[in-house]
Amino acid sequence: MLERALRKNSVKVTFVLPADTPPAEVSVVGDFNDWRPGVHPVAPRKDGNRAVTVELPKGSTHSFRYLAAGDHWFNDDTADDLDGPNSLIHT
């Protein structure tokens, strides 16, 4: 699930996953972090889910995917669109 908070020139996007889906370490990787695993790991939050927030430029489009332990790549079903194997988010 994606949550968004508008700023003046940017959008804070929160990537949210259930606590146990998948039951392993997960990070968000995309063109906004040069597809580097571990830069944006999802972490537990008080509501029982896991999340990480990334600030992106307003009016832009970004490709991303989730990467879990064991080289397990997966997409976000709530993404704005798909681009080949990647999820897309429009800010």
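For a distance above 21 Å, tell me the whole-number percent of Cα pairs in the chain that qualify.
Numbers: 987 of 4095 pairs.
Here the tail beyond 21 Å accounts for 24 percent of pairs.
Could you pull out every residue, at least 5 positions away or on a different chain, whose amide H is within less than 5 Å of the one on His40? Hs are placed 1.01 Å off N in the peptide plane, and Pro or chain starts have none.
Under 5 Å from the amide H of His40 lie the amide H atoms of Val28, each far enough along the sequence or on another chain.
Please name whichever of Pro44, Thr14, Gly30 sits farthest to the positive end of the charge dipole of the range 4-46, dipole taken about the Cα centre and charges placed at Cβ: Lys and Arg +1, Asp and Glu -1.
Looking along the dipole axis, the top candidate is Thr14.
Whole-Hz ³J(HN,Hα) for each residue in the range 82-89, computed from phi via Karplus 6.51 cos²θ - 1.76 cosθ + 1.60 with θ = phi - 60°, x for glycine and proline: what do you get?
10, 9, x, x, 9, 7, 10, 10
All of the numbers you see were taken from the coordinates with simple rules; none came from a lab. If you're wondering where the values come from, they're calculated on a predicted model, not measured in any experiment. Every residue, glycine as well, gets a Cβ built from its backbone with ideal geometry; the counts of neighbours run over all protein chains shown.
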